[in-house]
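Reviewing the structure listed below.
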Amino acid sequence: MFAFCNLFEIRFVFFGKYIYICKNNLNSKNTKNMKHLFSLIVLVLGTVYTANAQLPSVTLKDINGKTVRTDTLSNGGKPFIIDFFATWCKPCNRELTAISEVYEEWQEETGVKLIAVSIDQAQNINKVKPLVDNHGWPYEVLLDPNSDFKRALGINMIPYTIICDGKGNIVYKHNGYTEGAEQELIDKVRELIAQ
């Protein structure tokens, strides 16, 4: 979805189709109204598009060297969490450690699975497995040294967490970490299970 604006028309492309919002000379009153309308339409269409978004197809490796395609990530029809981190990111490490303390309970209750995705660059990738082992994180860990998966999802900062439903649809996104934020994750997973 891309927006194109000039003095005489406002239009945007949605799935390859032009949708015209206005095609006339805009005075200052109409410009203000059109900006509000345009913002509303972008918000609505962006929400619809995001609500049904699937994971992009990027080929990564796990920490044992096995190749994994991201569009095939799943959890047997149950929700799963994807958490982007780096070895140097202190909030990321605090989040993954906090989740590891309750992860077994989460799995017993909901069957949720967490997939941790390291964005450490190639020169630091050898630090990922020791960090995971040192913290005893029980997660599947994928390596994204070129940030291809991160970029395909439009992620700018970490920690960044995504929840996917049992069909692989992205249903929730969250950026950052504060103590106790993991409770919001399990609450969202519980909502998905209850549907």
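The values are calculated or read from the model by the stated rules, or taken from the named source; none is laboratory data. On a predicted model such as this, the values are computed, not experimentally measured, just so you know. Counting neighbours? That spans all protein chains shown, and the Cβs are built from the backbone with ideal geometry, glycine included. Just the protein is used for accessible areas: all its heavy atoms, side chains included, with ligands, DNA and RNA removed. Shrake-Rupley method; radii C 1.70, N 1.55, O 1.52, S 1.80 Å.
Some points to look at:
- Remark on VAL171: its backbone amide H falls under 5 Å from those of ILE163, CYS164, ASP165, a criterion applied only to residues 5 or more positions apart or on other chains, H modelled at 1.01 Å from N.
- Label-point separation in nm, GLU184 to GLN121, each point 7 Å along Cα→Cβ: 3.0 nm
- Annotation for segment 47-122 versus segment 138-188: alpha-carbon center distance of 6 Å.
- GLU104 exposes around 130 Å² of accessible area when a 1.4 Å probe is run over every protein chain in place.
- Amide H contacts under 5 Å for TYR160, placed H, 5+ residues apart: PHE84, GLY176
- Most tightly packed first, judged by the mean number of other beta-carbon atoms within 10 Å of their residues, the peptides 75-87, 55-67, 144-156 read 75-87, 144-156, 55-67.
- Probe 1.4 Å, all protein chains present, accessible-area order of GLU108, GLU179, GLU184, largest first: GLU179, GLU108, GLU184
- Proximity of backbone amide H atoms, modeled 1.01 Å from N, is registered between LEU114 and ILE81, GLU140 at under 5 Å, excluding neighbours fewer than 5 places apart on the same chain.
- Take segment 137-194 with all the other protein chains still there, run a 1.4 Å probe, and you get 48 Å² of accessible area per residue.
- Structure note, pairs LYS61/LYS173; LYS129/LYS150; LYS113/LYS150; LYS66/LYS113; LYS78/LYS127; LYS129/LYS167: Cα-Cα distances above 27 angstrom occur for LYS78/LYS127; LYS129/LYS167.
- Shape call, segment 48-142: gyration tensor on alpha carbons, a/c limit 1.5: oblate
- If you take all other residues with their beta carbon under 13 Å from the beta carbon of ILE119, and give Lys and Arg +1 and Asp and Glu -1, the sum is -1.
- For TYR177, the accessible surface of its heavy atoms amounts to roughly 40 Å² (probe 1.4 Å, protein chains only, rounded to the nearest 10).
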